[in-house]
């Protein structure tokens with residue numbers, strides 16, 4: 001579990017950096033009305049998408065191999081929900097992050113269906129920003145830093 005935990009923690013830094021870069025790039029592209037460059041803009045958004053999906057896979061593996069998963073049987077669902085840290089790690093963090101990655105994936109899919117550069121940047125900026133905010137809101141900061 002130690003290796004997966006470490007990978008999940010350090011990959012999170014890379015994921016957040018890639019998402020911030022993608023969001024900033026999309027916002028700048030949207031407001032500057034610049035063309036959507038396949039070689040640069042597409043790759044930035046794609047790498048952010050890939051990084052979030054890898055982070056999700058690491059998180060799913062960690063969720064089920066972690067010692068914390070046994071808290072479900074030890075405390076029961078009611079006990080997990082009453083315990084702030086257990087609720088954060090076993091319910092809020094996974095649920096919110098899955099939702100964030102779904103939104104990021106929707107943004108990626110929607111941008112491909114839009115013809116205009118402004119529309120492409122707008123879809124990415126909107127969905128990736130919401131995803132980033134959700135991810136940042138449920139990071140277990142006390143455990144992570």
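Read the figures in this text as sums done on the coordinates, not as results from a lab. No experiment lies behind these values; they were computed from the predicted model shown. Note: ideal-geometry Cβ built from the backbone for every residue, glycine included; neighbour counts use all protein chains shown.
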Exercise for review: Using Cα centres only, tell me the gap between region 109-141 and region 54-104 in whole Å.
Suggested key: 24 Å
Exercise for review: Could you quote the convex hull projected area for region 2-144, Cα atoms only and averaged over all directions, in nm²?
Suggested key: 8.8 nm²
Review point. For the chain, modelled as a GNM with alpha-carbon contacts under 10 angstrom, which of 54, 37, 102 fluctuates the most?
Key: 37
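Got a sec? How would 68, 43 order by Cβ neighbour count within 10 Å, fewest to most? Could the numbers behind the result be given before it?
Details: 68 16, 43 12.
The most exposed by this proxy come first: 43, 68.
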Exercise for review: For an R0 of 25 angstrom, estimate the FRET efficiency from the Cβ-Cβ distance between residue 91 and residue 20 and round to the nearest 0.05.
Suggested key: 0.45
Review point. Once fully extended, how much extra length lies between residue 114 and residue 83, figured as 0.36 nm per residue of separation less the alpha-carbon to alpha-carbon distance?
Key: 6.7 nm
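Once every DSSP H run of n ≥ 4 in the chain is given -39500 (n - 2.57) and the sum is divided by its residues, what mean residue ellipticity at 222 nm do you get, rounded to the nearest 500 deg cm²/dmol?
Working: 7 runs with 115 residues, N = 145.
Mean residue ellipticity, 222 nm, calculated: -26500 deg cm²/dmol.
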Revision key, fill the gap. Between residue 64 and residue 99, the FRET efficiency computed from the C-beta separation at R0 = 22 Å comes out, to the nearest 0.05, as 0.70
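Could you compute the FRET efficiency for residue 42 and residue 72, with r as their C-beta to C-beta distance and R0 at 35 Å, rounded to 0.05? Walk me through the numbers on the way to the answer.
Values: r = 41 Å, r/R0 = 1.17.
Calculated value: 0.30.
Using the 10 angstrom Cβ neighbour count as an exposure proxy, how do 84, 41 rank, fewest first? Walk me through the numbers on the way to the answer.
Values: 84 9, 41 22.
Ordered from fewest to most neighbouring Cβ atoms within 10 Å, 84, 41 come out as 84, 41.
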Practice item. Using only alpha carbon pairs under 8 Å that are at least six residues apart, calculate the relative contact order of the chain and give it in whole percent. Key: 34 percent
Exercise for review: Starting with the highest mean, order 73-82, 12-21, 128-137 by the number of other Cβ atoms within 10 Å, averaged over the residues of each peptide.
Suggested key: 128-137, 12-21, 73-82
